[in-house]
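*Asks:* Provided herewith is a single structure, encoded as structure tokens, for subsequent inquiry.
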Amino acid sequence: MTDEETPADGHVLRQVPELNTELEGEATPIVSSDIPSDLEEMTPVIDQVTQQVLDSETTDPVIDQQPAHTNDEAVRLPRTGLDELDSALSDLESAMTNLAVQDRRLVVVLGCCFVSLFMPWFQVWNHGSSLPTTAVSGLELAGLSCLFMIVSLVIFILAQSMSDELLRGNRRLIIRLFTVALMMRMLIALIGAPVDQIPWRHSAWAIFPFVLSIALVVGLMQRLPAFPRRPLPPS
């Protein structure tokens, strides 16, 4: 090494030998680099389609299951605060929830028909025209026959399985026949005279059973409209 190659600080630099290309070619590793080492994270790769299939298989079948009947919504009735009456209302809710929409509305019409029997349909002058009139309710005119048909219809509609077995598959026909009979009985009571040979007139409350008779005819055609209702507080 000459003086020109010696640095000024006195250190001597040794010349690095040139690389041998033949030896470097032989030193190529045999193990393929595609195989991950032990230090690398072994995270499995899941295909997106496979992940969707797994998600669908692990879904809770109770949540995915759709109800067999499709109604508008569950029936909710107001509570009274009395345990016995609220328990009966709860049973009525569960029974009406499983009904078809038109059957549910027909039950409401039947309930209104029951209430209308206690209203005064006529005013009668029993003691002369100069004295006050006497009220005659629908219960006095057609009480027993109407009560029998109303109660029978409500049982046939609510107790579906029992009425099907009892009526041997003719449940829908019997419901229509009883509905026609109830409508005719109410109309005959409204048109006829409450008492023979005594002056009388229709009461203002008579419009209520008359409208219900029309509603029974509409119920036969399965065309009863929705009834207005106020929202109930959350249970």
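*Asks:* Per-residue accessible area for T133 at 1.4 Å probe radius, Å² rounded to 10?
*Replies:* 40 Å²
*Asks:* So, one more: Check N126: other-chain or 5+ apart residues with amide H under 5 Å from its amide H, H built from backbone geometry?
*Replies:* T134
*Asks:* Just to be sure I follow: if Rg is taken over the C-alpha atoms of the range 130-235 and Rh is the Kirkwood radius over the same atoms, what is Rg/Rh? Don't skip to the end; give the middle numbers.
*Replies:* Values: Rg = 17.6 Å, Rh = 16.3 Å.
Rg divided by Rh gives 1.08.
*Asks:* Another question, if that's okay. So who's got an amide H within less than 5 Å of the one on S137, skipping anything under 5 residues away but keeping other chains? H placed 1.01 Å off N, in plane.
*Replies:* For S137, whose amide H was placed from the backbone, the distant partners under 5 Å are W121.
*Asks:* Using only Cα positions of the range 92-148, each an equal point scatterer, no hydration layer, compute I(q)/I(0) via Debye at q = 0.19, 0.25 Å⁻¹ and quote the log10 values to two decimals.
*Replies:* Each listed q maps to, in turn, -0.75, -0.94.
*Asks:* Arranged from highest to lowest average of other beta-carbon atoms within 10 Å per residue, in what order do the peptides 164-174, 203-213 appear?
*Replies:* Highest to lowest by the protection proxy: 203-213, 164-174.
*Asks:* Right, next: Rg and Dmax of the range 89-184, using alpha carbons, in Å: what are they?
*Replies:* 17.2, 58
The values are calculated or read from the model by the stated rules, or taken from the named source; none is laboratory data. Just so we're clear, the structure is a prediction, and the values are computed from it rather than from any experiment. As a convention, Cβ positions derive from the backbone with ideal geometry for all residues, glycine included, and neighbour counts pool all protein chains shown. Heads up: the accessible areas ignore ligands, DNA and RNA and are worked out on the full protein's heavy atoms, side chains in. Shrake-Rupley method; radii C 1.70, N 1.55, O 1.52, S 1.80 Å.
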